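Here's the structure, in structure tokens; my notes come after.
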Amino acid sequence: MRIANVAGRLVLLTTEGWTDVERASGGLFSSDPQEIFERWDQFRHWAAQAPPAGDVVLRESDVRSPVPRPRQILAIGLNYRDHANESGFSVPEHPPVFTKFVSSITGPYGEVALPEGSVDWEVELVAVIGRRAWQVSEEQAWGHVAGLTVGQDISERDIQLSGPVPQFSLGKSYPGFAPMGPYLVTPDEFDDPHDLELGCSINGEEVQKGRTSDLIFSVPQLIARLSAVLPLLPGDVIFTGTPAGVGMGRSPQRFLAPGEELTSYVEGIGELRHRLVRA
Ligand code: ZN
């Protein structure tokens, strides 16, 4: 199953095309894309036999984040061996965790304003919670995932790495620094949700390419470890980490510049496309 947020309304891909969920369900489900995660199991059941209306035209300019207002965003650092190496760290025993504040969320297409500093790219697989997860095991973890989407963990490195102790969250939370989309895809849609190619490019030049099978801590391992500490709530988001090829790890280092176009993809989900502009 594949859903999207079109101009603030939840839509479902059916055999007839994109279908407005509130209309097709006769008001059983809200048009609000965030609210659906509270009733995910019921929605899955309905969606499996939803009337295919095909009443929504999907224009890129109308597509927003499939998860517009999560209560929590958890993000994982150094979760690919090659990225840990390029960052000058050994492979971590425990996943480093930070947040991206929710005001940084934006949609899959459009402009992102570049603040002062050194703004870097990090393509990531994003997992969205569909059932409250509290102290769940790895084996149970996929059952708590609504779906997967593409994310960019855009990062301003000067603030990220400043201060007497590490404090990643601010430098990763400027407005527009958490694009997600274009669709949320349920795990059963993939041949193997543990092995998806992901990558990104700048003005068509490939800068990152990896596979999620190289994650140090897989999606189920992350859910088990995170939910051991705090409940993961329906509609919460986990940015799972980025493979090698970020600008900070290059020699010479390279950062995003106004006028550049950043595209980011995960196999089987889709592509994000953003134009960087001066703030
Ligand atoms: Zn990241």
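The values are calculated or read from the model by the stated rules, or taken from the named source; none is laboratory data. Keep in mind the model is a prediction, meaning the values are calculated, not measured. All Cβ positions, glycine included, derive from the backbone under ideal geometry; neighbour counts span all protein chains shown. Just the protein is used for accessible areas: all its heavy atoms, side chains included, with ligands, DNA and RNA removed. Shrake-Rupley method; radii C 1.70, N 1.55, O 1.52, S 1.80 Å.
Within the stretch 1-78, report the GluC sites (Glu not before Pro) that DSSP leaves as loop and that have at most 16 other Cβ atoms within 10 Å.
On the way: sites: 16, 22, 35, 38, 60; in loops: 16.
Counting only loop positions with at most 16 other Cβ atoms within 10 Å, the GluC sites (Glu not before Pro) in the stretch 1-78 are 16.
Would you kindly derive the ³J(HN,Hα) couplings of the stretch 33-50 from the backbone phi angles with the Karplus curve 6.51 cos²θ - 1.76 cosθ + 1.60 (θ = phi - 60°), listing them in order in whole Hz, with x for Gly and Pro?
For the stretch 33-50, the Karplus curve yields x, 6, 5, 5, 5, 5, 10, 4, 5, 5, 5, 4, 4, 5, 4, 4, 10, 5 Hz.
Using a 1.4 Å probe on the protein heavy atoms, what percent of the accessible area of the chain belongs to carbon and sulfur? Write out the running numbers ahead of the final one.
Details: 5810 of 11780 Å².
Carbon and sulfur: 49 percent of the exposed surface of the chain.
Going toward the positive end of the dipole of the chain, with +1 on Lys and Arg Cβ and -1 on Asp and Glu Cβ, which of 194, 119, 272 do you reach last?
Farthest towards the positive end: 119.
In the chain, once you exclude exposed chymotrypsin sites (Phe, Trp or Tyr not before Pro) (DSSP loop, at most 12 other Cβ within 10 angstrom), what's the longest stretch remaining? Don't skip to the end; give the middle numbers.
On the way: sites that count: 89, 134.
The longest uninterrupted stretch comes out as 135-279.
How large is ³J(HN,Hα), in whole Hz, for each residue of the stretch 68-74 in order, when computed from phi with the Karplus curve 6.51 cos²θ - 1.76 cosθ + 1.60 and θ = phi - 60°, using x for Gly and Pro?
x, 9, x, 6, 9, 10, 10
As a check on your grasp of the helix formula, calculate [θ] at 222 nm for the chain: sum -39500 (n - 2.57) over DSSP H runs of n ≥ 4, divide by the residue count, round to the nearest 500. Show your work: numbers first, answer last.
Details: 7 runs with 39 residues, N = 279.
Rounded to the nearest 500, it is -3000 deg cm²/dmol.
Report, in whole Å, the centroid distance computed from the Cα atoms of the stretch 89-149 and the stretch 177-216.
A separation of 12 Å, based on Cα centres.
Output ³J(HN,Hα) for the stretch 141-157: one whole-Hz value per residue in order, computed from phi by the Karplus curve 6.51 cos²θ - 1.76 cosθ + 1.60 with θ = phi - 60°, and x for Gly and Pro.
5, 4, x, 9, 9, 6, x, 10, 9, 9, x, 10, 8, 5, 9, 9, 6
So what's the gap between the Cα centers of the stretch 240-279 and the stretch 1-35, to the nearest angstrom?
30 Å
What residue among 231, 33, 179 shows peak mean-square fluctuation when the chain is described by a Gaussian network model with Cα springs under 10 Å?
Ranking 231, 33, 179 by mean-square fluctuation puts 231 first.
Rolling a 1.4 Å sphere over the protein heavy atoms, what is the accessible area per residue of the chain, to the nearest Å²? Mind dumping the intermediate values first?
Working: 11780 Å² over 279 residues.
Value for the chain: 42 Å² per residue.
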